[in-house]
């Protein structure tokens with residue numbers, strides 16, 4: 001996302017997938033870009049357990065960055081490479097129906113527990129698959145911004161990986177591919193050659209317990225496990241900075257990242 005060339009290359013490869021008969025759906029995030037925009041507007045980003053605390057002003061910035069900037073950039077790259085890209089947010093035609101996440105229990109440094117309200121952060125209730133089916137069957141590549149809509153029409157901030165996993169399960173996708181800025185799951189984070197190429201979902205709890213899957217990789221892996229439980233055949237975490245990583249993962253025998261499967 002941060003590297004223009006990598007984004008252009010990924011957009012081109014996504015169009016190629018469409019040409020060979022696949023039906024790609026793109027879900028994007030934009031965390032670093034949102035934090036940068038908040039800084040420019042003099043607002044300090046706050047996170048609790050990896051989730052952005054979202055008040056109304058922050059929600060406006062999120063919509064501006066995700067829907068107004070990143071989504072249109074990806075769509076224009078897809079169109080530039082002769083694909084039919086179309087940008088939608090989760091609010092369009094109630095694509096992603098969500099409800100506000102309940103207050104989060106956190107423990108402070110003194111060991112006291114308190115409930116913290118994350119604000120306008122959502123969890124997904126259901127996905128309007130008819131809308132996506134309409135796009136994909138008419139040769140469009142939907143580009144989805146992870147902003148959900150609540151029953152009263154309020155916008156809710158959604159985690160992009162979670163949104164991708166829920167959408168993959170809802171449309172009965174063959175694969176969920178998460179483009180990250182790491183090679184995949186590494187046995188030793190300081191050694192890029194220690195990549196674990198295949199993980200069965202039943203091996204995940206032990207890998208988390210042993211600290212091999214840690215930090216920001218945990219929610220990604222949990223998303224993959226849930227997607228597989230919802231019927232997705234395989235999930236892949238790959239290095240989006242690598243040229244043609246999508247094609248290498250799909251079309252070569254060994255792939256280049258970590259595959260999670262049943």
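The values are calculated or read from the model by the stated rules, or taken from the named source; none is laboratory data. Small disclaimer: the values here were computed from a predicted structure and weren't measured. Virtual Cβ from ideal backbone geometry, glycine too; neighbours counted across all protein chains shown.
Just a few scattered comments:
- Check on residue 144, in contact with a strand residue (DSSP E or B) (Cβ under 9 Å, 6 or more places away or on another chain) and either part of a helix (DSSP H, G or I) or in the same structural domain as residue 258 (by TED's automatic domain parsing) (or both): no
- Restricting attention to region 30-42 and to residues that are under 29 Å from residue 171 (Cα atoms) and either modelled with pLDDT of 95 or more or out of contact with any strand residue (DSSP E or B) (no Cβ under 9 Å at 6 or more places or on another chain) (or both), the residue that is surrounded by the most Cβ atoms within 10 Å (Cβ to Cβ) turns out to be 33.
- For region 230-240, the set of residues classified as assigned to a loop (DSSP other than H, G, I, E, B) and crowded, with 18+ Cβ neighbours inside 10 Å consists of 232, 240, listed by residue number.
Yes/no per residue for (1) farther than 27 Å from residue 88 by Cβ; (2) assigned by TED's automatic domain parsing to the domain that holds residue 99; (3) more than 14 Å from the chain's Cα centre (by Cα):
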position	(1), (2), (3)
138	no, yes, yes
165	no, yes, no
187	yes, no, yes
190	yes, no, yes
219	no, no, no
234	no, no, yes
238	no, no, no
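- Residues in region 174-203 that are touching a helix residue (DSSP H, G or I) at 6+ places or on another chain (Cβ under 6 Å) and not in a loop (DSSP other than H, G, I, E, B) were compared, and the one that is surrounded by the fewest Cβ atoms within 10 Å (Cβ to Cβ) is 201.
- Filter result (over 27 Å from residue 15 (Cβ atoms) and either touching a helix residue (DSSP H, G or I) at 6+ places or on another chain (Cβ under 7 Å) or modelled with pLDDT of 90 or more (or both)) within region 212-227: 212, 213, 218, 219, 221, 222, 225, 226
- Qualifying positions in region 249-262 - touching a strand residue (DSSP E or B) at 6+ places or on another chain (Cβ under 8 Å) and part of a helix (DSSP H, G or I): 249, 250
- Of all residues in region 3-54, those that are part of a loop (DSSP other than H, G, I, E, B) and over 15 Å from the mean Cα position of the chain (by Cα) total 13.
- Scanning region 240-262 for residues that are free of Cβ contacts under 8 Å to residues at least 60 places away in the same chain and touching a helix residue (DSSP H, G or I) at 6+ places or on another chain (Cβ under 6 Å) turns up just one, 255.
- Boolean, residue 133 is at pLDDT below 95 and surrounded by fewer than 20 Cβ atoms within 10 Å (Cβ to Cβ): no
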